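A quick write-up on the structure given underneath.
Here, each number is a calculation from the coordinates, and none is a lab measurement. Keep in mind that this is a model prediction, so the values were computed, not measured. Virtual Cβ from ideal backbone geometry, glycine too; neighbours counted across all protein chains shown.
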Ligand code: FAD
Ligand code: ZN
């Protein structure tokens, strides 16, 4: 550890005893993620409570040229919020900045500090009869700042967009300690570069997000959910187009589940049951929602599915008749990663292709990996409505787990080459962090990479803001 003790003393003075974590055991939770892929060290963890404290921390670190690693709820899983192993970085954790600064129901906006837990922002919106639509499995612990830094998506992107579409304004502490106040609440603003977009999805490499103005929507009053069995993957696109059109584009979620995913859920997760009479090769979990209490979505959904069955687009379907049934259907989708874990080792891909290309991608990538890894079981599921598939590979039955996981990079190369060929993305949700830096360098064009490096060096010339992440 080479960090000047004087800096640590001054940092501790800025954030006070409640904001200073210097003890090795207390620092531990900030140094690794749940999957444990990376284990870092830090000279200190600071937990500032105000934007002014964040700015002072950054100014001091800039003066001493000591790198900073922003961290939110630490759910990212690609090492973006974890310091490197040499112990000369400061982790700046935003969890104490958790105030809702304001909610303007008439403007359909909420202003929240970066450390607000996502579920708390959802609740604050609901209390004001509004919806904050970002929703994902980590919502009980991930933070708004982390959601912004990773441009989080979730299960309602099809209708409401990613975080990028949900942010109207930002407050950011820049790498030199200046505070950029971009907390506008405007829906139209054509006054030059849209600076906030630079910080969204930047994974903390360009500055520290301290607060945001977020879009709200009318609260849904009518929500209808169906599990649809399909004989043929190609039909899924026709089903998506039909429900979007028939419902006046009220589809909020459209998730793909393969039969093997359902089988694994039924085998490994207690309390799950197949809601349809016969097995089908593919399923779509479809959810419609409307803020109008007289939405009539149930009739629309049932009518659309009935016609689709008559036309041979759909094999069978069930529409949830109660809240319990609705959550039972969602559970079948949500437990797939957990069920896969219990089945043995899995090699994961978090990829996106144009929606219209998903079936072709799944077919081609499946053939590729089955040829390379005989016996491998492809579990391709996820946000079909966004073209985002979790193309996960489960080890062959009885195979050696470690040997299978040893094929991780080879499998990644095969799948990502196919993704690239179809104009897709190698990271649709979790970002690049440390884990996918090599892949990014391989699949981005030289022009892409040069522009990214120029932006990085223009905003962070000293390279102190989360260095070694993304690029
Ligand atoms: P962290 O993990 O703490 O940090 C993530 C990155 O953001 C790091 O690079 C960090 O340096 C940076 N960062 C954090 N806070 C700030 C800040 N205030 N200013 C600047 N940089 C900052 N994603 C989806 O898109 N869709 C999903 O469906 C989805 N499902 C998930 C399910 C689970 C169970 C889990 C664990 C994750 C899932 N994710 C999903 C990923 C999720 O979006 C991210 O984990 C989350 O948004 C990160 O928030 P966090 O507060 O935990 O950030
Ligand atoms: Zn996902």
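Count the DSSP beta bridges whose two residues both fall in the range 1-138, then state the antiparallel fraction as a percent rounded to the nearest 5.
Values: 7 of 14 bridges.
That works out to approximately 50 percent antiparallel.
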Practice problem: Neighbouring Cβ atoms within 10 Å as the yardstick, rank 180, 282, 330 fewest first. | Solution: 180, 330, 282
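Extension gain residue 449-residue 321, at 0.36 nm per residue separation less the Cα-Cα distance, in nm?
Details: separation 128, 0.36 × 128 = 46.08 nm, distance 5.05 nm.
My answer for the length gained is 41.0 nm.
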Quiz item: Can you pull the three principal axis extents for the Cα set of the range 228-383, in Å, largest first?
Solution: 51, 34, 28
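For the chain, what does the helix formula give at 222 nm: sum of -39500 (n - 2.57) over DSSP H segments with n ≥ 4, over the residue count, nearest 500 deg cm²/dmol? Show your work: numbers first, answer last.
Numbers: 18 runs with 168 residues, N = 471.
Helices in the chain give a 222 nm mean residue ellipticity of -10000 deg cm²/dmol.
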Quiz item: Residue separation times 0.36 nm, minus the C-alpha to C-alpha distance between residue 164 and residue 26: what's the value?
Solution: 46.3 nm
Quiz item: What residues from the range 339-371 fall in the zone where the backbone N is under 13 Å from a label point 7 Å along the Cα-to-C-beta line of residue 34?
Solution: 339, 341
Practice problem: Mind running the shape call on the range 29-97? Use the C-alpha gyration tensor, a ≥ b ≥ c as the square roots of the eigenvalues: rounded below 1.5 for a/c, prolate if a/b tops b/c, oblate otherwise. | Solution: oblate
Quiz item: What residues from the range 269-284 fall in the zone where the backbone N is under 11 Å from a label point 7 Å along the Cα-to-C-beta line of residue 259?
Solution: 278-283
Quiz item: What does a probe at residue 18 reach in the range 60-101, counting residues whose amide N is under 20 Å from the point 7 Å along Cα→Cβ?
Solution: 71-73, 92-101
Practice problem: Treating the angle as unsigned and between 0 and 90°, give the value, to the nearest 10°, between the Cα long axis of helix 408-421 and the longest Cα principal axis of the chain. | Solution: 70
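For the range 357-471, what is the convex hull (Cα atoms) projected area averaged across all directions, in square nanometres?
Dividing the Cα hull surface by four gives the mean projection, 8.4 nm².
Fewest Cβ neighbours within 10 Å first, please rank 7, 186 accordingly.
Values: 7 18, 186 11.
Starting with the residue having the fewest Cβ neighbours, the order is 186, 7.
Take the Cβ-Cβ distance between residue 195 and residue 417 as r, set R0 to 25 Å, and report the resulting FRET efficiency rounded to the nearest 0.05.
Values: r = 35 Å, r/R0 = 1.40.
FRET efficiency, residue 195 to residue 417: 0.10.
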Quiz item: Using the alpha-carbon atoms, what tilt in degrees (0 to 90, nearest 10) does helix 259-268 show relative to the longest principal axis of the chain?
Solution: 70
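May I ask what percent, to the nearest 5, of DSSP beta bridges between residues of the chain are antiparallel? Kindly include the intermediate steps, with their values, before the conclusion.
Values: 59 of 68 bridges.
Approximately 85 percent, going by the DSSP bridge assignments.
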Exercise. Fewest Cβ neighbours within 10 Å first, please rank 219, 444, 454 accordingly.
Key: 454, 219, 444
Quiz item: How do the peptides 92-98, 221-227 rank, highest first, by the average count of neighbouring beta carbon atoms within 10 Å per residue?
Solution: 92-98, 221-227
Quiz item: Quick one: helix 297-310 against the long Cα principal axis of the chain, what's the angle to the nearest 10°, folded into 0 to 90?
Solution: 50
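Calculated FRET efficiency, residue 409 and residue 6, Cβ-Cβ r, R0 51 Å, to nearest 0.05?
Computed FRET efficiency for residue 409 and residue 6 comes out at 0.75.
Pull out a ≥ b ≥ c, the square roots of the eigenvalues of the alpha-carbon gyration tensor of the range 79-147, then state rounded if a/c is under 1.5, prolate if not and a/b is larger than b/c, and oblate in the remaining case. The partial results should precede the final answer.
Working: a/c = 3.61, a/b = 2.28, b/c = 1.59.
In terms of gyration-tensor shape, prolate.
In percent, what relative contact order does the range 248-347 have, based on Cα pairs under 8 Å that are 6 or more apart in sequence? Walk me through the intermediate numbers first.
On the way: 90 pairs, mean separation 38.7, N = 100.
Once divided by the residue count of the range 248-347, the mean separation gives 39 percent.
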Quiz item: Gain in length, residue 107 to residue 241, computed as 0.36 nm per residue apart minus the alpha-carbon separation, to one decimal in nm?
Solution: 45.1 nm
Quiz item: Tell me, what is the percent relative contact order of the chain, built from C-alpha pairs under 8 Å that lie six or more residues apart?
Solution: 15
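Rounded to the nearest 0.05, what FRET efficiency is calculated for residue 306 and residue 136 with R0 set to 30 Å and r the Cβ-Cβ distance?
Using R0 = 30 Å, I get an efficiency of 0.40.
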Exercise. Calculate I(q)/I(0) for the chain by the Debye formula, one identical point scatterer on each C-alpha and no solvent, and give its log10 at q = 0.11 Å⁻¹ to two decimals.
Key: -0.95
